[in-house]
Every structure is written in structure tokens, then in C-alpha cells.
1. Quick one: Cα centre-to-centre distance for the range 45-65 and the range 74-98, in angstrom?
2. If each residue's Cβ is checked for other Cβ atoms within 10 Å, how do 128, 79 rank with the fewest at the top?
3. For 175, 129, 78, what ranking results if the residue with the fewest other Cβ atoms within 10 Å of its Cβ goes first?
4. Arrange the following residues from fewest to most other Cβ atoms within 10 Å of their Cβ: 168, 93, 133.
5. By its C-alpha gyration tensor, with a ≥ b ≥ c as the square roots of the eigenvalues, how is the chain shaped: rounded for a/c under 1.5, else prolate for a/b larger than b/c, else oblate?
6. Only residues of the range 130-158 count here: report those whose backbone N is under 15 Å from the spot 7 Å along Cα→Cβ of residue 173, or say none.
7. Mind pulling the angle between the C-alpha long axis of helix 104-135 and the longest principal axis of the chain? Nearest 10 degrees, somewhere in 0 to 90.
8. Sketch the reach of a paramagnetic label on residue 154 as a point 7 Å from Cα along Cα-to-Cβ, and name the residues of the range 103-130 whose backbone nitrogen lies under 11 Å away.
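Laboratory data are not the source of any read-out in this text; all were calculated from the coordinates shown. Values in this document were obtained by computation on a predicted structure and should not be read as measured data. Virtual Cβ from ideal backbone geometry, glycine too; neighbours counted across all protein chains shown.
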């Protein structure tokens, strides 16, 4: 309807005709990919939670944080890494906002804090996934392979962006495959 209205403007010439349809098609495709990933991860983490002995593994279906709750509970994780992560990111962004008064020093300090917090939560995430895989009866090293691929992909970004994207994508795909193995294996 919107695109048809646009085509009536300027004597029937639609300046956004092809672009608008392409963007709409891409948005619809992206929606289905995200929805499919949501369903896949929810089912997989629900099964992993059952294998790990979690009483309410259906929490994996929560749209935000459901799979994280399953990982957290099955890994028997502590609460303090969440607190450190929240404080780290908040402090980094507050300092970054204060760049108007503190200048370059604030940008450097905020960058250090944000990078350190990201590294911290990444390491904790690997540990929690390792413990979750083991609680589900799978191999813990499943958590390391995707992380290595993603870090390698990020490091190669400056040298070869194309290769970097492929390696990073392979890391994501391997993570999804290992989650599926942990969820549906007979162990």
C-alpha cells in the first residue's frame, strides 16, 4: 500500500520501488531467520535443561534471557559475574558520556573498562557453557571451539574482512551445532 502510494507521486515514477521491495523482502527474510533461531535455541536449551536436571527447563522459551537462565542454572553459576558485568558496562558508558569534560582520557579509560568487561563476560560464558555441556552429558570442550573461531574472526578483521566474516560465521554455526548435539545426543 505504501509503495503504491509512493508510485503515484511524481507522475507514476516510484523512486524507491526496487529498493523498497528489496528492503521489505530482506526484512521479512531476517524476521524468519531470527524466529527460526529463537525456536531452535528454545527447544535445544529446554532439552539441555531437562538433561541437566533443571526442574523448570521451559524457562528457555522466555524471549529475553531464557537460554541464559538455563545455562546459569545448569552450570550452577554464581551471581557475582552478572554484577561485575553490569557495573563494568555501566561504568564504561558513564565515563564515555563524560568525554565532554574529561576529554581523551575518558575515551581511553572507558575503552579499557568496556573491553575488559567484554573479555570477562566472554571467559565466564565459556566456563558456563563448558559446565552446561557437561551437565547435559556432552563434552565440555564444545564451548571452546566456537569461541576460538569467533576470536580468530575478530582478529582477522583488520587483515582480511571477507575471511574474517566467514570464520566468525563458522564459529556461530559451530556453536549452534554443538548446542544441538548436546540437546539431542543419547548420552
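1. So the separation of the two Cα centres works out to 24 Å.
2. 79, 128
3. Details: 175 18, 129 23, 78 10.
Ordered by Cβ neighbours within 10 Å, fewest first: 78, 175, 129.
4. Lowest count first: 93, 168, 133.
5. Working: a/c = 1.98, a/b = 1.27, b/c = 1.56.
Oblate is the answer for the chain, as a/c is 1.5 or above yet b/c matches or exceeds a/b.
6. Answer for this model: 146, 149-150, 153.
7. Tilt relative to the chain: about 60 degrees.
8. 115-123
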